[in-house]
Amino acid sequence: MAVSPAVVHAQPPPQPATERAEILERLGVVSLQRRDYAEAARYFRAAIAAGRDHWQIRQNLGFALLSLDRCEEAVNELEVSARQSPAPRSFIYLARCYERLKKPGVAIHWLQQTLVRLRELTPAEQKDVYGSLGYLYAAEGQNAAAAEAWEHALALSYDPEIALRLGRAQRLLGETSRARQTLTAIAPERLTRASRAVRLDELAELYRAAGQPADSIAALEEANALEPSAQRHHALGLAFRDLKRRQEAVDQFERATALAPDDLEYAVALGYAYKDARRLADAARVFEAVLARDPDRLPLYQELGYIYAALSDTPRAVEWFKKSIDNAPRDPRPESDRAEERARLQQEVARLAKQFEATAYLTYRSSQRQPNTGSGGAVGGTLPSQSGVEVAYQPPVIGIRDERIFQIVARLLWNFQPGSLEVDDDSLQAGIALRYKPLRAQNLFVSAERLFAIGKDASDDWLLRALYSWEHHPLLGKPDWSHWNYSTVFADVGYFVERSLWVLYGEARQGVTFKLANQVLLTPHVVVDARYQDARGPTDSFVEGGGGLSLRYLFNESRYEGYRGSVELLIQYKAGNFFNRPHGASDGSFHGLVLTGVLRF
């Protein structure tokens, strides 16, 4: 708030005084008019000490001390003056003192007292009161009160600087139409160079909110030409980012960071711009530099984990994910949110850090006439097998690269004799395969497998496969969930090269999972599955459906990887039909109990 010279009004002394005291006061007034505030304060103090003490001399002394920036002393004198006579100029000076003392609420109080006696002030002083009050309200975030005060000031006489502040307050209040009208009515040539740039900043915000990004960018670029600043380059970066103009966003964020290297918000914005532009190594460099200066920016830890995973630097990705997990006690969010994120990060670490995974399953069917498949969701359904063991090795470096996975797989499969748990030796089948997940966002694997026949009914062949799965359910749900949706779709397409044979298998489940205990899950569900095979035998192609329960126990918990193993018991009752081309559309029905045990680790 600008300090203007005191307006000294000649008044007869309100009380008798010595001639010397009068002379001292007059010398103080002369010094005040000459803006020699130190001399003025000395003369006024001497006059008071000589016995000449009244509200106006205290007001003048307070003004002189305010002008010398000795605000605490000024407050004492001005409050004495206000108690002796509630003069509005004393209130104004008090407001200025308290503003300088960083007490805006008290400053607002004294200006509000001034409004009661506003008519005692000149129009220029009234305008100054309203302008100052608006400024203080705006500094306190009271934009509605600020706008009202500035409207009163403008009603007294137009001032483009006050109009600029009013336009900003209207924009912040969401009164975009009035804000645009206020700002566009300002003649730019009547503003200072800095204020012209601020006006363009405000118009840029209005254009952005109105969905006019090109106009917003043009206004910001014009403002930057008038007065370059890191804040404007940052705003331009945000505008270009919204338009997906990633390289231009990077350029602006780089300039903002160069102009304000100590502002970490600009550095973080630059890191995300690098990430959007797929300059992942640069994003990692910036984020690591930010964390070196401010370790409490917790979201950046997992950002670095995902960036290094995308860069196929698995050891560093795991390191940053582990640091993010370790940060959980410092996370200010509710415990349920922290636990959910911790579980997600543990899954990331488990997925990246593992080199081996194994699945073993056994299936018993009570029906004498039965399909030669178990639960297709375990290892697939192109090879008819009710039981088996599969081991997958994920080699370092090439095993996982930017969400793309490469594995070497070996498996042994077999069937049981109908209605029993006696192994059918003729069904023993071995295989070794190379398996690859080519898509980042879809769980699709393709593989080439060499099959080795152990039993006489097994195959010696090459099998080309594509396996796809989709799930709409978490493993454990959120910590405070007692139940959640369970949906799974699985598809398996295979081609036996030497026999020129196509096989298709599909399975879908829908149910609800209940958390019985922290590690025990129960999932009642309905299921339907089908298998189709060219040149099929009597039980090679079928469709079946039914309902059942899944009881799953999780074990082998790790701080960083969560539960690394599980045992699942599937109890299902299914009914279906076999299809055999030589005998028409249907070749017999079947039904019965299906029990499947699955071990994963």
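The values are calculated or read from the model by the stated rules, or taken from the named source; none is laboratory data. Predicted model only: the values in this text are computed from it and were never measured. Backbone-built Cβ (ideal geometry, glycine too); neighbour counts: all protein chains shown. Remember, those area values only see protein heavy atoms, side chains included, never the ligands or the DNA or RNA. Shrake-Rupley method; radii C 1.70, N 1.55, O 1.52, S 1.80 Å.
Could you give the alpha-carbon Rg of the chain over 2.2 N^0.38 Å, rounded to two decimals?
Values: Rg = 40.0 Å, N = 601, 2.2 N^0.38 = 25.0 Å.
Taking the Cα Rg and dividing by 2.2 N^0.38 Å, one obtains 1.60.
Describe numerically, in nm with one decimal, the distance between label points set 7 Å from Cα along Cα→Cβ at residue 35 and at residue 337.
It works out to 5.4 nm between the two label points.
Please work out the FRET efficiency for the pair residue 551 and residue 401, using the Cβ-Cβ distance as r and a Förster radius of 35 Å; give the result to the nearest 0.05. Mind dumping the intermediate values first?
Values: r = 37 Å, r/R0 = 1.04.
Approximately 0.45, to the nearest 0.05.
Starting from the Cα-Cα distance between residue 450 and residue 178, subtract it from 0.36 nm times their residue separation and give me the gain in nm to one decimal.
Working: separation 272, 0.36 × 272 = 97.92 nm, distance 7.42 nm.
Separation in residues times 0.36 nm, less the Cα-Cα distance, equals 90.5 nm.
Using a 1.4 Å probe and counting only protein heavy atoms, arrange 516, 345, 599 so the residue with the most accessible area comes first.
So the residues, ranked largest to smallest area, are 516, 599, 345.
Quick one: ranking 322, 127 by accessible area, 1.4 Å probe, largest first, what do you get? All intermediate terms of the calculation are to be shown ahead of the outcome.
On the way: 322 70, 127 35 Å².
Greatest to least solvent exposure: 322, 127.
Where does helix 213-226 land angle-wise versus the long Cα axis of the chain, in degrees 0 to 90, nearest 10?
Helix 213-226 sits roughly 40 degrees off the main axis of the chain.
Per DSSP helix of 4 or more residues, -39500 (n - 2.57); summed, then divided by the residues of the chain. What does that give at 222 nm, rounded to the nearest 500?
Values: 20 runs with 267 residues, N = 601.
Rounded to the nearest 500, it is -14000 deg cm²/dmol.
Between residue 440 and residue 577, what is the label-point separation in nm under the 7 Å Cα-to-beta-carbon projection?
Between residue 577 and residue 440, the simple spin-label model gives 4.6 nm.
What accessible area per residue, rounded to a whole number of Å², is obtained for region 354-600 using a probe radius of 1.4 Å?
Working: 11560 Å² over 247 residues.
Normalised by residue count, the accessible surface of region 354-600 is 47 Å².
What is the distance in Å between the Cα centroid of region 44-115 and that of region 298-313?
With region 44-115 and region 298-313 each reduced to a Cα centre, they are spaced 59 Å.
Among 487-499, 75-87, how do they line up from the highest to the lowest mean number of other beta-carbon atoms within 10 Å? If you can, show how the numbers build up before the last one.
Values: 487-499: 17.0, 75-87: 19.2.
Going from most to least packed, we get 75-87, 487-499.
Given the Cα-Cα distance of residue 532 and residue 144 and 0.36 nm per residue of separation, how much length would full extension add, in nm? Intermediate values should be presented prior to the final figure.
On the way: separation 388, 0.36 × 388 = 139.68 nm, distance 7.11 nm.
Extra length from residue 532 to residue 144 when fully extended: 132.6 nm.
Loop-only GluC sites (Glu not before Pro) in region 357-457, please: DSSP not H, G, I, E or B, and at most 13 other Cβ atoms within 10 Å. It would help to have the intermediate numbers written out before the result.
Working: sites: 357, 390, 403, 422, 449; in loops: 403, 422.
Sparse-neighbourhood loop GluC sites (Glu not before Pro): 422.
By the scheme Lys and Arg +1, Asp and Glu -1, what is the net charge of all other residues having a beta-carbon under 12 Å from that of residue 49?
Values: positive: 20, 42, 45, 52; negative: 25, 53.
For residues surrounding residue 49, the net value is +2.
Of the options 432, 589, 399, report the single residue whose Cα projects farthest towards the positive end of the charge dipole of region 354-600 (beta-carbon charges: Lys, Arg +1; Asp, Glu -1).
Of the options given, the answer is 399.
Taking H as built 1.01 Å from N, whose amide H comes closer than 5 Å to the amide H of residue 547, not counting residues under 5 places away?
527, 573
As I understand it, the value is the acute angle between the Cα axis of helix 55-67 and the longest principal axis of the Cα atoms of the chain; what does it come to in degrees, rounded to 10?
Orientation of helix 55-67: about 50 degrees from the principal axis.
What accessible surface, in Å², does a 1.4 Å probe find on residue 558, ignoring ligands, DNA and RNA and rounding to the nearest 10?
Approximately 20 Å² for this residue.
Decide, for region 354-600, between rounded, prolate and oblate: order the square roots of the alpha carbon gyration tensor eigenvalues as a ≥ b ≥ c, take rounded if a/c falls under 1.5, and otherwise choose prolate if a/b is larger than b/c, else oblate. Before the final figure, lay out the partial values.
On the way: a/c = 1.74, a/b = 1.20, b/c = 1.45.
Oblate shape, in that a/c is at least 1.5 and b/c is the bigger or equal ratio.
Could you give the accessible area per residue of region 230-348, probe 1.4 Å, as a whole number in Å²? Can you show the working numbers first?
Numbers: 5700 Å² over 119 residues.
It amounts to 48 Å² per residue over region 230-348.
Got a number for carbon plus sulfur as a percent of the chain's accessible area, 1.4 Å probe? Let's see the in-between values first.
Values: 15850 of 28850 Å².
Roughly 55 percent, rounded to a whole number.
Between residue 589 and residue 483, how many nm apart are label points set 7 Å from Cα along the C-beta direction?
Here the modelled spin labels are 3.1 nm apart.
Pull up the cross-link candidates among the aspartates and glutamates for residue 127, meaning alpha carbon to alpha carbon under 16 Å and not fewer than 8 places away within one chain.
Result set, ordered by chain and number: 148, 151, 159, 161.
Taking the Cβ-Cβ separation of residue 330 and residue 464 as r and a Förster radius of 45 Å, what is the calculated FRET efficiency to the nearest 0.05? All intermediate terms of the calculation are to be shown ahead of the outcome.
Working: r = 50 Å, r/R0 = 1.11.
Efficiency for this residue pair is about 0.35.
How would 233, 591 line up by accessible area, probe 1.4 Å, largest first? Intermediate values should be presented prior to the final figure.
Working: 233 20, 591 110 Å².
Per-residue accessible area, sorted high to low, gives 591, 233.
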